[in-house]
Amino acid sequence: MDPIRLDELPSEIIEYAGTITSLTFPRQGYTSDVAIIEGSRGRFVVKRSKVEPYSSWLSQEVHVLNGLRSTELPIPEVYRFAEQKNEKQVWALLPFFEGETLRQTLMKERNTDKKHEIIYHFGAVLSTIHSTPCPDALISSDSVWLEDMLSRAEYNLTHYSVDGTAELLEMLKTNKPLPTCQTLIHGDFTIDNVLVSNGKITSIIDWSGGGYGDPRYDLSLAIRPKPSAFEVQSEIDAFFEGYGKKLLTEQEYSYFAEGLYEFF
């Protein structure tokens, strides 16, 4: 990722943010360049993508966030979106939220009870997402989510560098899990995409994979073990207690977290 320079910012973003006094760069942004803007109208987050598939992902994230504006979910509002076709770049201006990622919070928390409480709320907010009616604008009437994801996985395998293999993809195609009711999903619900401040979840970010899909995908990505997170069963139990039910088998977890996700 390349640091964003002030002279690169589109006029639409500068006009909205006002006089810009500084740009700082948080430790995040694997698919986009990310900067925090200090402007006369406040603090903002600006994201810039300039290569595929990341440019398409950022455009899709803006589409999803706009589709979810009428919900009560703790998500960013899109203040401005700019597409620079000549430079093959897309930009989004979003609100700045105080706090840190859930990953950072869990790595620092040493009190087991407090850690379980935070993870409980992590599960509860995902339950809220899955129980929120999916806006019509995010429902595709001519495709099934899993079939679409497998097609995209095959495309990504052919055109981009991914962790998945042709053998894994063939296994995923021939060993699909039993169908389940589709819901609104986040599509990348990990501890890196949930922001926390003072022990409370303040925002859910990075919605490029959002839409009408299989909730087991979100559940699987949520509980993938990371350093200081979901390495013990009690934390997984706290998550599903917050979620309200354990809608996931070990086989389904493996299919989504250790299989399908390898292509995205």
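The values are calculated or read from the model by the stated rules, or taken from the named source; none is laboratory data. What you are looking at is a predicted structure, and each value in this text was computed from that prediction instead of being measured. Counting neighbours? That spans all protein chains shown, and the Cβs are built from the backbone with ideal geometry, glycine included.
Some points to look at:
- Positions within segment 1-14 being among the charged types (D, E, K, R) and over 16 Å from residue 94 (Cβ atoms), in sequence order: 2, 5, 7, 8
- Among the residues of this structure, residue 39 counts as one that is modelled with pLDDT under 95, more than 25 Å from the chain's Cα centre (by Cα) and either surrounded by 15 or more Cβ atoms within 10 Å (Cβ to Cβ) or in the same structural domain as residue 190 (by TED's automatic domain parsing) (or both).
- Candidates are the residues of segment 38-57 that are without any contact (Cβ under 8 Å) to a residue 40 or more places away in the chain and part of a strand (DSSP E or B); the one that is nearest to residue 99 (Cα to Cα) is 38.
- Among the conditions (1) part of a helix (DSSP H, G or I); (2) under 21 Å from the mean Cα position of the chain (by Cα); (3) not hydrophobic (A, V, I, L, M, F, W, C), the only one that residue 26 does not satisfy is (1).
- Top-ranked residue in segment 58-77 [being of a type in the set (A, V, I, L, M, F, W, C) and assigned to a loop (DSSP other than H, G, I, E, B); ranked as surrounded by the fewest Cβ atoms within 10 Å (Cβ to Cβ)]: 73
- Test: residue in segment 1-17 that is at pLDDT 90 or above, within 16 Å of the chain's Cα centre (by Cα) and surrounded by 13 or more Cβ atoms within 10 Å (Cβ to Cβ): no
- Boolean, residue 232 is of a type in the set (Val, Ile, Thr) and surrounded by fewer than 22 Cβ atoms within 10 Å (Cβ to Cβ): yes
- In segment 210-229, the residue that is farthest from residue 174 (Cα to Cα) out of those that are assigned to a loop (DSSP other than H, G, I, E, B) and touching a residue at least 60 places away in the same chain (Cβ under 8 Å) is 228.
- Boolean, residue 137 is in contact with a helix residue (DSSP H, G or I) (Cβ under 7 Å, 6 or more places away or on another chain), in the same structural domain as residue 224 (by TED's automatic domain parsing), loosely packed, with under 15 Cβ neighbours inside 10 Å and in a helix (DSSP H, G or I): yes
- Filter pass, residue 90 being buried (at least 17 other Cβ atoms within 10 Å of the Cβ) and closer than 30 Å to residue 14 by Cα: yes
- Hits in segment 103-132 - residues which are more than 17 Å from the chain's Cα centre (by Cα) and surrounded by fewer than 17 Cβ atoms within 10 Å (Cβ to Cβ): 107, 108, 110, 111, 112, 113, 114, 117, 131
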